[in-house]
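Quick notes on the structure that follows.
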Amino acid sequence: MRDGRLNRAIEQGKARTTEIKTRVPELKERMPELGNELRTKGTELRTRGGELARQYAKMDVSWARCGYARALREGLLSGVLGPMTDYYLRRRTVGREIFDEKLTPPVIFVANHSSHLDTPTILRAIPRKWRNRTAVAAAADYFYKTRWKANGVALLFNTVPLGRNGGGLDSGATDHVHRLIGQRWNLLMFPEGTRSRDGGIGKVRSGAAAIAARHGIDIVPIYVSGTHDAMPPGQNWPKRRPGRIFSRRHKLEVRFGDPIAPRDESLRREVMDEVRKFWDRKGLPAEPQAPVEHDALLIHETLPAHEATLAEQPSPRFGPLMPVASERARDRSTPAA
């Protein structure tokens, strides 16, 4: 019986070998075709990258970064939009001292996103000197559908078009962003790609960390709270909070975290994990770890109690080897027989 099974296995192996040998010429003939297909796909990707680069470069409203546009934008933010929204909103900024102590431009600001109020709230929280040199990454498929809309958001917030579906860093779709950073412009990005519908943190993409790694610049995490309640998605203007007698303003808060130093592009997800942890803490400092001195104090408290226990219960292990002093003296005084 065993010989029969062995013979069948040998026959199956021979048949498989014959089949493979038969297909070798076919595979050799197809190799050039496969190589041509790969080269064709590579060419298509490069072509698509060039098209994206040209498309975004064409969408970009570069005149919105000239001196006159920056002056007009500052006047609109501080003199028009700011006072209008202050009737509905009460802002508070925490951590602004990092601009004087820890930051060197350019940097990439990364913030959570749950409302169209996030951008003006963050820009007004940034010092004017930094705000005048900060561009805002905006969804190309949302804000750049029409020319008048693109011009409006570019003039008001200094936006630049960017795809929000991930990828595109190696296809030329971010060439205009790289040029801006090379000209020492800061960049404000929303890594979630879209506004949160429930106010929570959504999926965080790693494009900001990849751009920071390529330029060797810091990432500054920002946490914004209160904007979702004031103007959630689907609402076009903020509303005051209802009260017993009079309505009240919504409390908004912007918290700046410590800058995160650039790392290798392969570690971009770890960098964004740090950003997400900052958001999960709602911008609050991380809880300090228990210092080692606590363990030393515990040992100091435990040792006396342990020594006292040993003193009450002496061990007889050394009794036979170490006679009591009085017994040794008695042995010496006894004369030899």
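The values are calculated or read from the model by the stated rules, or taken from the named source; none is laboratory data. None of the values given here were measured: they were computed from a predicted structure. Note that we place each Cβ from the backbone using ideal geometry, even for glycine, and neighbour counts take in every protein chain shown.
Table for the structure above
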{"item": "Failed item in (1) buried (at least 19 other Cβ atoms within 10 Å of the Cβ); (2) part of a strand (DSSP E or B), with Ser115 passing the rest", "result": "(2)"}
{"item": "Cβ-Cβ under 6 Å pairs, at least 6 apart or on other chains, segment 172-198 side among the acidic types (Asp, Glu), far side modelled with pLDDT of 95 or more", "result": "Glu192/His113"}
{"item": "Members of segment 249-266 found to be modelled with pLDDT under 95 and outside any loop (DSSP other than H, G, I, E, B), listed by number", "result": "Glu265, Ser266"}
{"item": "Count of residues meeting criterion [touching a helix residue (DSSP H, G or I) at 6+ places or on another chain (Cβ under 8 Å), closer than 25 Å to Pro120 by Cβ and modelled with pLDDT of 85 or more] in segment 150-175", "result": "13"}
{"item": "In segment 237-260, the residues that are of a type in the set (A, V, I, L, M), without any contact (Cβ under 8 Å) to a residue 60 or more places away in the chain and touching a helix residue (DSSP H, G or I) at 6+ places or on another chain (Cβ under 9 Å)", "result": "Ile260"}
{"item": "Qualifying residue in segment 150-168 (condition: closer than 29 Å to Asp86 by Cα and free of Cβ contacts under 8 Å to residues at least 12 places away in the same chain)", "result": "yes"}
{"item": "Residue within segment 130-139 that is free of Cβ contacts under 8 Å to residues at least 12 places away in the same chain and among the small types (Gly, Ala, Ser) present", "result": "no"}
{"item": "Of all residues making up segment 194-209, the number that are under 10 Å from Pro233 (Cβ atoms) and polar (S, T, N, Q)", "result": "2"}
{"item": "Residue match in segment 110-118 (condition: closer than 17 Å to Ile217 by Cβ and at pLDDT 95 or above)", "result": "yes"}
{"item": "Any hit, segment 189-212, residues being of a type in the set (Ser, Thr, Tyr), farther than 21 Å from Leu123 by Cα and surrounded by 12 or more Cβ atoms within 10 Å (Cβ to Cβ)", "result": "yes"}
